[in-house]
1. Quick one: which helices (runs of 4 or more DSSP H) sit completely within the stretch A:334-382 and have at least 1 residues that are among the small types (Gly, Ala, Ser)?
2. With the condition kept exactly as written, say whether any residue in the stretch A:189-200 is crowded, with 22+ Cβ neighbours inside 10 Å and under 25 Å from the mean Cα position of the chain (by Cα).
3. When you scan the stretch B:23-62, how many residues do you find that are assigned to a loop (DSSP other than H, G, I, E, B), more than 14 Å from every other protein chain (Cβ to nearest Cβ) and aromatic (Phe, Trp, Tyr)?
4. Residues A:Lys327, A:Lys265: which one is closer than 28 Å to A:Pro445 by Cβ and surrounded by fewer than 21 Cβ atoms within 10 Å (Cβ to Cβ)?
5. Give the stretch A:207-262 a look and list any residue that's of a type in the set (Val, Ile, Thr) and assigned to a helix (DSSP H, G or I), or say none.
6. Can you find even one residue in the stretch A:175-195 that is within 28 Å of A:Tyr293 (Cβ to Cβ) and among the basic types (Lys, Arg)?
7. Limited to the stretch A:72-98, what total is found for residues that are under 21 Å from A:Lys297 (Cβ atoms), in contact (Cβ under 8 Å) with a residue 40 or more places away in the chain and in a helix (DSSP H, G or I)?
8. Taking B:Arg114 as the residue in question, decide whether it is among the basic types (Lys, Arg), closer than 15 Å to B:Asp14 by Cβ and more than 7 Å from chain A (Cβ to nearest Cβ).
Amino acid sequence: MRTAGGPLVSLHERVDKFVEWLFQGFEPIVPRGSKVFNDAILGNQHFARHEVAVIDSPIIQRLKRIKQTGLVHFVFPSATHSRFEHSLGVATLADRCFSAIANRFAAEFPQKAFPANFDRLSGHLAHLRMAALLHDVGHGVCSHGAEQIYQALTDLREFKRDERFVKNAEGEILSYLIIQSTTFRRWFDQIVIGQCHAQIDLNVVGDMILGQHQDPQLYFLSQIVSSPFDADKLDYIARDSYYCGLALTVDLARFYSMIATAEEKAKRVLVLRSYIPLEQILFSRMILFSSVYQHQKVKCLDMMLRGTIQHILDNPDQCAVEIRGAKVTFNDAIDYLYVTDDEFFNMQSFGDPYVKKMLGRFWRRDLFARCVEVSRMTVENWDGFERKIWMDYGRDFQQLSAVEDEIYKRLDGSVRSKCNRDDIKVSVPTLPAMKKDFAYIQTSPTAPVQTVEEFFPLEQWAESYGHNKWRSYVYAPRELAKPVADAAVKVIEDIGLKIKRDVSDRHCHLT
Amino acid sequence: MTPTTTSRPSLAPDDALSAILALATKQHGGGRFAFRAHDSELQEIFSDLAEEYDWLPKVFVFSNTGPRPFSPDLNDSIAKLQLAGLLGRENPDYQIIFLRPAAQGYFDKVLAPRLDKESVEQLERVASAFIAKVRLV
C-alpha cells in the first residue's frame, strides 16, 4: 500500500511514487513502426515510431479515461471527448504551426537560415511534438473540475509563487514533474531513446511544457506549446465547440498564413501579421467560457463534485478508497492523478452513505437547483464595494465553506434535519485567465513588434464580455431550494449585498 | 537602484493593487483618479516598482522567462478589480483606467482596518512612486 505523502515528502517524490505506481505491471513494447490516427477534427495524424511508444505508454493511455471538459457532458451530451485525443491533436497542430512559421520565414528572409530544424526523430521539431503530446499528462480526475479543489490543498501553491512556474497552471506543473520523474525517464531512455533511436532531451521538453526555452532564438517553440495563441487553444477551441455542438470557428488556414516569428528584446517570439486570427481565438474562447465552461449547470456539477470531495476530505477514515494498491483520500493534488473519471463515478468501494448518495445523483443526473443568483441583475447595490467582499469568498473553497456553513446554520431546524451540510454549495466563479503572457503583433517583417492591446483592445473587449456574463449562485437539492434561498439571502445581506429577491427567484425558477 | 528593504503588507495581490490605487487617489487630491496605460505599460511600471520596493515582487511575482516581465498576479488583479466594480476602463479604446467610488469605500471600510501604520506607509510610498510613473489624465 502506498504510504500517504504528507508535507514532509516533497511534491517531486510524491509524483515519482505516482508514476512508479502507474507503470507497475506495464511491459514495455517497442512499436513496429509509425501510425496514422484518424481524428474527427483534424483528419489523418501521423506519429513516428518513438511517438507511438509514448502514446502506448500508461502516461498517455491514462488520458483516455479523463474527459477533456470534465463534467460538461452532463449538460452537452456529446462532449465525451478525452484528454487523449486532445493531446494527439495538439501535437499535430504544433507540427503544422512549426511548418507554417518555417515556410513564412523562408519566404520573408530567403538569405537567412531558419533557427530550428525539421528532424522529427532528434531535432527541434521532435522536441516540440513530444512536448505537445505530453503537455496534459498532469491532468487528474474530472480535469479542471478537480483542479480548482486540489489547488487549495497542496504545496503546488509554493510552485506558483516561484518565478519559474508563476505563469503555469497546476496541471502544467504536474505534467512537468511527471516527465521529470525517475520512472518515466528510465522508461523513456530504455524505449524511446534506446530502442526507437530518438534523440530527445526531456529537460528541453519539460521547459517547453512550461512555455520556456534555454535558447532565446528558439523561445518561439515553447510559445507554440504554451502562449496566448498556442496549439493547445487551437485544438480545444475547435474540439470542445465541435463536441458541444457550438458553431465556433478558428480559421486555421488563415491562422497559419499569419503566424511568424520576430526578434523582441533578444528573444525570437511568435507574432501574428494580423490581429484577425487572434480575434477569432479570443472570442471563441470567451463564448466557450460563458456558454459551456461557466454554464450554470456545469458550475452546479462542479459544486456537487466539490461537495462530494469535501465530504471525503472531512471523513477520510470512512471515505478513503484503494485503487490498485494506492490509498486515495484526495487530501493531496497527487491523489487526483491516481483516479480517472470512470473510476471515480463507478466507485463501489466508497463505503460512506453520503458519497454513495451523491454518486447516485451523478448517475441519475439528479442535479442540485439554483436557489439564489448574485449578479448585476439581482443585486440592488451592485456598484458598492460589497460586491468585492462577495467575490473575495471565491478566492478559495475554504472561505466559501464558511459561507455555506452559515447558510446551513440559518436553516429552520426541520429543514436542516433533511439536509446534509455538504448539500449547500456556493459558486463564486473566477474569470478565465484571458492572458498568461503578452500576445505580439507585427504587421510586416520591418514593422515594430507590439503587444496586441497596443494595436487593438481585443483582450479588454473579451474581458468586458465576460464581466457582463458573470453570475454567482447558491445551489441545493431541488426539494430544499426555497428554504435554502431564504437562509442564503439573509447571509448574503449580512455580507452587504441587497438581493432583489423577486428577480433572483425568477431567474432560479423558484416562482 | 538599491531596493528598499521592509516587511510587506500582508495583502492578497488584488487588495494590494486596490490599496495602492486608493492611496494614489488620496495623494492626487481626491476626486476622479484616471490614468492612461496599456496592460503592458502597467506591467512595466510595476516591474520597475518591484525593483525599488522589495516586498512588492512577493505580492506580484514576475516571470522573466519571456521577452518582457509579466506578472499573472498583477494581470489577474486588474481583471478582478474590474469585475468587482472597483476599476473601470473607458470605452472605446480601453486605454484609460479609472477608479470607481467603490474603490475608496473598499479601502476605507475593509482594507485600512486590517493594515498597521507601517504597512500603510509602505503602500503610500509605492502609490507616490506609481503617480510619478503613470500618465495621469
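The values are calculated or read from the model by the stated rules, or taken from the named source; none is laboratory data. Fair warning: this is a prediction, and the values are worked out from it, not measured in the lab. Note: ideal-geometry Cβ built from the backbone for every residue, glycine included; neighbour counts use all protein chains shown.
1. Numbers: elements: A:335-338, A:341-345, A:353-364.
Ranges flagged: A:353-364.
2. No, the stretch A:189-200 has no match at all.
3. Counting residues in the stretch B:23-62 that are assigned to a loop (DSSP other than H, G, I, E, B), more than 14 Å from every other protein chain (Cβ to nearest Cβ) and aromatic (Phe, Trp, Tyr) gives 1.
4. Details: A:Lys327 fails: closer than 28 Å to A:Pro445 by Cβ.
Exactly one residue qualifies, and that residue is A:Lys265.
5. Start the filter on the stretch A:207-262 by keeping residues that are of a type in the set (Val, Ile, Thr), which leaves A:209, A:224-225, A:237, A:249-250, A:259, A:261.
Of everything in the stretch A:207-262, those that are of a type in the set (Val, Ile, Thr) and assigned to a helix (DSSP H, G or I) turn out to be A:Ile209, A:Ile224, A:Val225, A:Ile237.
6. We begin by selecting, within the stretch A:175-195, every residue within 28 Å of A:Tyr293 (Cβ to Cβ); these are A:175-179.
Next, from what is left, pick out any that are among the basic types (Lys, Arg): none.
The answer is no, given that none of the residues of the stretch A:175-195 is within 28 Å of A:Tyr293 (Cβ to Cβ) and among the basic types (Lys, Arg).
7. Qualifying residue count for the region: 2.
8. Values: among the basic types (Lys, Arg): yes; closer than 15 Å to B:Asp14 by Cβ: yes; more than 7 Å from chain A (Cβ to nearest Cβ): yes.
Taking the combined requirement at face value, the residue satisfies it.
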